[in-house]
Amino acid sequence: MLAEKYDVVIIGAGPAGMSAASILADYSVKTLLVDENEHSGGQLWRGLTEQPDSSPRFSNSLNNKVNLLATTGCRDGSLHIHAAASVLGIFPENYILLSSKEEGIKEIKAGNIIFATGAREKVRPFEGWTLPGVMTVGAVQILLKHYHVLAASEMLINGAGPLMYVLAGNVLSQNGRISTLLDRSSFSSLLGTTRVMGGQFGKLGQGFSAFGHLVKNRILPRYNRQIIRAESKSGLLEATTAEILSDGTIVDGSSKRYKTKLIAMTNGFVGNTELPQLAGCELDYSSDKGGWFVTVDSSMETSVSSVYAAGEITGIGGGDKAVVEGQLAALSVLHQSERLSETDFDRKQKSLLLRRKQYERFGTYLNRQWRIPAKEWKTIADDTIICRCEDITIGKLRSWIKAGFTTSNVLKRATRCSMGNCQGRTCGPLIYDILAACVPAGETKPFSVRMPIKPVPLGDLVPGEVM
């Protein structure tokens with residue numbers, strides 16, 4: 001197999017990857033932009049690059065800042081976009097193995113790699129969270145943004161952070177109904193948002209607009225409330241909720257029930273760090289950054305030479321941070337290859353680093369809002385499923401931890417958690433939190449990863465054949 005060669009390979013075509021590709025294309029750097037989806041934009045800009053006129057009401061304000069189709073690279077052929085392709089593995093000397101239905105499996109050789117693999121949603125599990133009709137806020141948004149489908153005519157939204165308010169506004173604008181909106185956070189903590197959003201007036205305006213739309217529709221959020229159980233009854237979902245304190249304590253006698261057609265839940269995000277980990281990049285753990293993240297220097301270079309990381313995998317912080325970090329990574333590649341002078345690089349980098357620091361402060365605030373306190377993990381019922389693929393409950397995990405299986409990989413081997421189809425992408429972040437709650441001073445390590453990072457469809461092995 002003869003490897004295709006590129007100066008730069010960007011893995012992930014979300015805000016970070018697109019912003020990096022835009023800059024590199026302006027300098028005619030031979031670049032390959034790879035993404036699993038058919039269209040660029042990632043989860044944040046999903047559906048906005050192709051059909052901006054039909055995007056939901058409260059779409060992200062950054063969606064027009066990066067226009068790949070207008071870049072020099074697309075005109076002179078230096079920028080190549082490989083959509084609907086999965087990266088199976090990363091090997092020494094920047095060799096990459098790609099898989100796609102159209103072209104099968106092929107090898108790529110990159111002079112530099114920029115990881116921009118984004119993030120996935122995290123939830124606070126409860127009894128019944130695996131029932132049909134219980135979805136993440138992000139999944140509901142995908143249906144709305146990409147397919148223009150409302151997941152249900154009525155829904156209950158529970159969690160923390162701005163995304164659930166944006167979703168509520170989107171649902172109302174599509175003539176849907178919000179049965180209730182339950183925010184885990186306190187109202188006073190939300191007021192702290194203004195202190196960490198210096199220079200981000202667009203986000204503030206978007207937030208006030210969404211909140212105002214809720215008030216106009218007579219929907220007042222209920223604060224300090226969390227779903228603790230969901231049941232399916234007569235074609236509807238019945239959610240039992242309770243008031244929670246800031247340390248995760250459930251207030252006795254605060255139980256309240258709601259009936260609805262769909263439950264949408266969210267509790268933050270975790271970075272998709274598996275590919276950088278496979279490439280040998282150093283990871284670190286911080287709840288203020290959303291969990292495991294790739295460590296980078298001011299040039300966005302990782303611990304592996306010529307390998308860069310940008311966006312949510314360096315710490316959860318939102319689309320603004322991702323765009324800035326994608327630009328920083330691209331400028332660093334240009335500087336290292338002597339396409340950009342020292343003076344121009346220093347000037348541009350200084351400005352971007354200042355903005356990145358602002359966005360990181362906002363990210364820290366969000367991650368603290370999303371954090372599930374250690375005491376709260378102890379209140380979750382034993383029969384609550386944590387690993388959906390293998391049907392492993394939190395009670396089973398607690399019993400194995402009590403028996404001395406106190407590290408993630410040992411617990412994985414003992415219980416088969418994270419060995420299912422999702423390979424720990426859903427249960428992994430929850431298990432790290434459970435271990436931290438049960439063994440506060442324990443050793444923290446991420447689950448081990450290996451190639452292929454994701455399952456390989458049989459059709460990719462025999463391209464062009466009907467299976």
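List of remarks:
- Residue under evaluation residue 274, criteria (1) out of contact with any helix residue (DSSP H, G or I) (no Cβ under 9 Å at 6 or more places or on another chain); (2) within 28 Å of residue 375 (Cβ to Cβ); (3) acidic (Asp, Glu), criterion not met: (2)
- Checking each residue of the stretch 135-142 against the condition of being assigned by TED's automatic domain parsing to the domain that holds residue 213 and touching a His at 6+ places or on another chain (Cβ under 7 Å) gives no match.
- Only one of the numbered conditions (1) surrounded by 18 or more Cβ atoms within 10 Å (Cβ to Cβ); (2) assigned by TED's automatic domain parsing to the domain that holds residue 236 is violated by residue 252, and that is (1).
- When the residues of the stretch 255-265 are filtered to those that are more than 18 Å from residue 136 (Cβ to Cβ) and either of a type outside the set (Lys, Arg) or at pLDDT below 95 (or both), the one that is surrounded by the most Cβ atoms within 10 Å (Cβ to Cβ) is 258.
- Checked against (1) surrounded by fewer than 16 Cβ atoms within 10 Å (Cβ to Cβ); (2) in a strand (DSSP E or B), residue 246 passes all but condition (2).
- Residue list for the stretch 207-234, filter: among the polar types (S, T, N, Q) and part of a loop (DSSP other than H, G, I, E, B): 217, 224, 234
- Filter result (under 26 Å from the mean Cα position of the chain (by Cα) and surrounded by 14 or more Cβ atoms within 10 Å (Cβ to Cβ)) within the stretch 379-399: 380, 384, 385, 386, 387, 388, 389, 390, 392, 393, 394, 397
- Selection within the stretch 85-122: residues that are outside any strand (DSSP E or B) and more than 24 Å from residue 292 (Cβ to Cβ). The member of this set that is nearest to the chain's Cα centre (by Cα) is 101.
- Of the criteria (1) touching a Leu at 6+ places or on another chain (Cβ under 7 Å); (2) at pLDDT 95 or above, which one residue 319 fails: (2)
- Residue check for residue 327: in contact with a helix residue (DSSP H, G or I) (Cβ under 6 Å, 6 or more places away or on another chain), buried (at least 19 other Cβ atoms within 10 Å of the Cβ) and touching a residue at least 24 places away in the same chain (Cβ under 8 Å): yes
- The number of residues in the stretch 379-425 that are hydroxyl-bearing (Ser, Thr, Tyr) and in a loop (DSSP other than H, G, I, E, B) comes to 5.
- The C-beta contact set for the stretch 164-183 (first residue without any contact (Cβ under 8 Å) to a residue 24 or more places away in the chain, second residue assigned to a helix (DSSP H, G or I) and surrounded by 19 or more Cβ atoms within 10 Å (Cβ to Cβ), distance under 7 angstrom, 6+ apart or interchain) is empty.
- Filter pass, residue 296 being among the aliphatic types (A, V, I, L, M) and within 20 Å of residue 91 (Cα to Cα): yes
The values are calculated or read from the model by the stated rules, or taken from the named source; none is laboratory data. On a predicted model such as this, the values are computed, not experimentally measured, just so you know. Every residue, glycine as well, gets a Cβ built from its backbone with ideal geometry; the counts of neighbours run over all protein chains shown.
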